[in-house]
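Q: Below: one structure in structure tokens.
The values are calculated or read from the model by the stated rules, or taken from the named source; none is laboratory data. Predicted, not measured: the structure shown is a model, and the values here were computed from it. Reconstructed Cβ throughout: ideal geometry from the backbone, glycine too, with neighbour counts over all protein chains shown. Heads up: the accessible areas ignore ligands, DNA and RNA and are worked out on the full protein's heavy atoms, side chains in. Shrake-Rupley method; radii C 1.70, N 1.55, O 1.52, S 1.80 Å.
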Amino acid sequence: MALHRLTQIVMGVPNVEQTAAYYAEFGLTPGENGTFATVDGGEQLRVVASDRRRLVQLGVGADDPDDLDRVAASLDSLGVPAERTAGSVRAVDPGTEITVQVEIARRYQQEPTPAPGYNSPGVTARAGQRAPGILRDQPVRPRKLGHVVLGSTDQQFSQMFFQQGLGFKISDTVPGLAAFMRCSTDHHNVLVQQAPVAFLHHTSWQVDDVDEVGRGASAMLAADPGRHVWGLGRHHVGSNFFWYLRDPAGNFSEYYSDLDCIIDDALWTPGVWEGARGLYNWGPPPPPSFVRPDDLAALMTGAHAPR
Ligand SMILES: [Fe+2]
């Protein structure tokens with residue numbers, strides 16, 4: 001059959017305790033040994049010790065052993081050593097320095113969550129009712145891990161690793177930055193950009209709707225305004241609402257909702273997006289540190305210290 005989703009990421013940070021506390025506050029549910037669960041994806045994050053912040057491992061779910069055989073053969077044809085076990089294939093992408101584990105996993109069965117009725121000119125979808133978004137008082141709980149964005153010292157090879165090696169598809173391209181790649185019906189699950197050092201740019205977590213994006217970020221900023229990176233806005237590529245925050249190790253974490261979905265490959269035409277459109281459609285302008293995180297030089301020299 002096919003690849004169908006991201007499963008779990010392992011994030012390495014120098015300050016495990018602080019970073020773990022941040023992701024609990026972000027809305028993930030803490031489990032055993034530094035693991036965190038989403039509502040629909042179960043255990044999807046593990047925070048481990050590392051001398052510098054980085055993505056250690058990325059899990060990709062596949063339907064059956066045929067997929068693993070195909071991935072192992074494709075990696076072999078790229079000259080990438082791969083370790084095949086009964087239920088997985090593991091290989092390291094030298095550009096991003098991450099281990100990717102393609103593994104047999106169950107597909108998502110997300111409880112359908114209809115968008116709230118929005119009143120609009122000539123349409124009263126919510127007569128005599130206050131907006132559901134203002135009535136919510138529960139903490140925001142991400143539904144699933146959506147995507148990761150990585151810096152690679154060899155973007156071209158990393159791209160080939162994911163596309164030809166693993167079987168990711170291209171949804172859209174921003175020349176000079178990266179291609180948005182998917183292993184599911186989501187517009188993107190992985191994006192790799194050229195960087196002077198391999199690093200984790202951000203992880204992104206799905207929430208129900210734009211109110212949850214706003215509520216989640218507002219709660220995080222009420223506790224510590226210094227976490228703000230960029231938002232609220234709407235991306236052009238992928239269409240999703242976004243708000244980016246910074247964890248105590250320096251990784252960005254994004255709440256997102258309303259991402260484009262590609263169910264039938266034949267009905268999607270990949271686009272090439274230049275300039276600002278590559279980054280966003282509306283919202284405040286991105287801070288320079290979004291494009292080039294402040295700690296890159298420190299990561300390069302290995303002298304990275306958490307803030
Ligand atoms: Fe993102």
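Q: Of the residues that make up the stretch 136-144, is at least one closer than 26 Å to ASP247 by Cβ and surrounded by 24 or more Cβ atoms within 10 Å (Cβ to Cβ)?
A: Looking for residues that are closer than 26 Å to ASP247 by Cβ and surrounded by 24 or more Cβ atoms within 10 Å (Cβ to Cβ), one finds at least one in the stretch 136-144, hence yes.
Q: Name the residue that is modelled with the highest pLDDT, counting only residues in the stretch 150-194 that are buried (at least 20 other Cβ atoms within 10 Å of the Cβ) and of a type in the set (Val, Ile, Thr).
A: Of everything passing the filter in the stretch 150-194, VAL190 is modelled with the highest pLDDT.
Q: Which residues, counting only those in the stretch 238-271, are β-branched (Val, Ile, Thr) and either open to solvent by 10 Å² or more (accessible area, probe 1.4 Å) or within 15 Å of the ligand (Cβ to nearest atom) (or both)?
A: ILE263, THR269 - these are the residues of the stretch 238-271 that are β-branched (Val, Ile, Thr) and either open to solvent by 10 Å² or more (accessible area, probe 1.4 Å) or within 15 Å of the ligand (Cβ to nearest atom) (or both).
Q: Name the strands (runs of 3 or more DSSP E) wholly inside the stretch 164-231 in which the number of residues that are acidic (Asp, Glu) and in contact with a Phe, Trp or Tyr (Cβ under 6 Å, 6 or more places away or on another chain) is 1 or more.
A: Correct list: 169-174.
Q: Restricting the search to the stretch 209-230, which residues are among the hydrophobic types (A, V, I, L, M, F, W, C), closer than 16 Å to PRO284 by Cβ and under 20 Å from the mean Cα position of the chain (by Cα)?
A: The answer is VAL210, VAL213, ALA217, VAL229, TRP230.
Q: Are any of the residues in the stretch 226-237 within 11 Å of the ligand (Cβ to nearest atom) and farther than 25 Å from LEU296 by Cβ?
A: The answer is no, given that none of the residues of the stretch 226-237 is within 11 Å of the ligand (Cβ to nearest atom) and farther than 25 Å from LEU296 by Cβ.
Q: Given the conditions (1) of a type in the set (Phe, Trp, Tyr); (2) open to solvent by 60 Å² or more (accessible area, probe 1.4 Å); (3) within 30 Å of GLN18 (Cβ to Cβ), and given that TRP230 satisfies all but one, which numbered condition is not satisfied?
A: For TRP230, the failing item is (2).
Q: Search the stretch 167-192 for residues that are within 19 Å of ALA2 (Cα to Cα) and away from the ligand (no atom under 15 Å from the Cβ) and pair each with any residue that is open to solvent by 10 Å² or more (accessible area, probe 1.4 Å) and of a type in the set (A, V, I, L, M) when their beta-carbon atoms are under 6 Å apart and the residues are at least 6 apart or on different chains.
A: GLY167/LEU3; CYS183/LEU3; THR185/ILE263
Q: What is the number of the single condition among (1) surrounded by 19 or more Cβ atoms within 10 Å (Cβ to Cβ); (2) modelled with pLDDT of 95 or more that LEU279 does not meet?
A: (2) is the only condition that LEU279 fails.
Q: Evaluate the following for VAL213: is it modelled with pLDDT of 95 or more, within 14 Å of the ligand (Cβ to nearest atom) and surrounded by fewer than 23 Cβ atoms within 10 Å (Cβ to Cβ)?
A: no
Q: Do the conditions hold for TYR256, that is, is it in contact with a helix residue (DSSP H, G or I) (Cβ under 8 Å, 6 or more places away or on another chain), aromatic (Phe, Trp, Tyr) and either farther than 20 Å from THR19 by Cβ or not in a loop (DSSP other than H, G, I, E, B) (or both)?
A: Taking the combined requirement at face value, the residue satisfies it.
Q: Scan the stretch 123-163 for residues that are in contact (Cβ under 8 Å) with a residue 24 or more places away in the chain and assigned to a loop (DSSP other than H, G, I, E, B) and jot them down.
A: Answer for the stretch 123-163, where residues must be in contact (Cβ under 8 Å) with a residue 24 or more places away in the chain and assigned to a loop (DSSP other than H, G, I, E, B): ALA131, ARG136, PRO139, VAL140, ARG141, PRO142, ARG143, THR153, ASP154.
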